[in-house]
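The values are calculated or read from the model by the stated rules, or taken from the named source; none is laboratory data. Every value quoted in this text rests on a predicted model; they were computed, and no experiment measured them. A quick note on method: Cβ atoms are made from the backbone with ideal geometry, for glycine too, and the neighbour counts reach across all protein chains shown.
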Amino acid sequence: MYKGDNIGWMKLEKSTEGDKSDISLVSEIKTRIVVPIKVYLEEQSVFEKGKLIFSSQLSKTNGKIKTDKQTKLVNNKYEVTENGIRNVMPYPAISTNLLLMYFEEPVAAKYVYNDKHQRFLKIVKTSDGGYELKFPNGNKNCFYYSKGICTKIKVQRDLYAVEVILTP
């Protein structure tokens with residue numbers, strides 16, 4: 001909601017079959033700051049036996065692709081493909097990423113993998129019970145849980161702050 005108007009939506013899903021979990025997030029925001037802005041985001045993560053085996057991020061602003069990235073586990077190494085360029089990442093098995101935090105409280109985790117920035121982010125427990133992540137660009141997300149279930153995310157960006165309330 002912005003000034004009483006609904007400006008967007010977000011859909012989160014997690015399905016599990018055996019040792020494999022598939023998580024997806026799709027969202028769209030339409031608003032006007034100075035000019036009309038439409039932001040579309042689609043993310044997916046697949047975990048098998050507790051290990052990330054695939055993730056993808058697609059984001060568009062006003063129809064123009066801003067991010068189109070895939071991460072795949074190939075021969076026990078992570079390959080990241082962005083704009084047709086493939087890089088091998090020097091990381092061991094990734095057991096948690098940002099998308100998984102919507103579904104699992106990181107009680108014992110000290111770091112979480114951020115697929116978009118291709119790095120691990122430190123998880124800082126806040127005085128109000130949240131788990132804060134600081135991104136390389138200075139942005140922050142703080143996740144809040146009730147009985148292990150994510151119920152709220154505070155998102156801080158340069159030009160705005162948003163509080164996302166999740167209802168399971």
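If you check L52, L73 for being modelled with pLDDT of 90 or more and either of a type in the set (K, R) or under 14 Å from the mean Cα position of the chain (by Cα) (or both), only one passes: L52. All but one of (1) of a type in the set (S, T, N, Q); (2) farther than 24 Å from F143 by Cβ; (3) surrounded by 12 or more Cβ atoms within 10 Å (Cβ to Cβ); (4) modelled with pLDDT under 95 hold for T81, so report the exception by its number. Tallying (1) of a type in the set (S, T, N, Q); (2) farther than 24 Å from F143 by Cβ; (3) surrounded by 12 or more Cβ atoms within 10 Å (Cβ to Cβ); (4) modelled with pLDDT under 95, T81 fails exactly one: (4).
Put simply, of V88, V162 the only residue that is hydrophobic (A, V, I, L, M, F, W, C) and over 29 Å from K30 (Cβ atoms) is V88.
For the subset of segment 149-163 comprising residues that are farther than 16 Å from E105 by Cα and of a type in the set (V, I, T), which member is surrounded by the fewest Cβ atoms within 10 Å (Cβ to Cβ)?
The first filter runs over segment 149-163 and keeps only residues farther than 16 Å from E105 by Cα, leaving 155-163.
Then drop every residue that is not of a type in the set (V, I, T), which leaves 155, 162.
On the way: V155: 13, V162: 15.
Once the filter is applied, the top-ranked residue is V155.
In segment 112-129, the count of residues that are of a type in the set (D, E) and at pLDDT 95 or above is one or more.
Close contacts from segment 100-126, counting a first residue that is within 13 Å of C142 (Cβ to Cβ) and a second that is surrounded by 17 or more Cβ atoms within 10 Å (Cβ to Cβ) and polar (S, T, N, Q), with Cβ to Cβ under 6 Å and a gap of 6+ residues or different chains, come to V112/T96; L121/N114.
Counted as qualifying within segment 85-132 are the strands (runs of 3 or more DSSP E) with 2 or more residues that are surrounded by fewer than 17 Cβ atoms within 10 Å (Cβ to Cβ), namely 85-89, 119-125.
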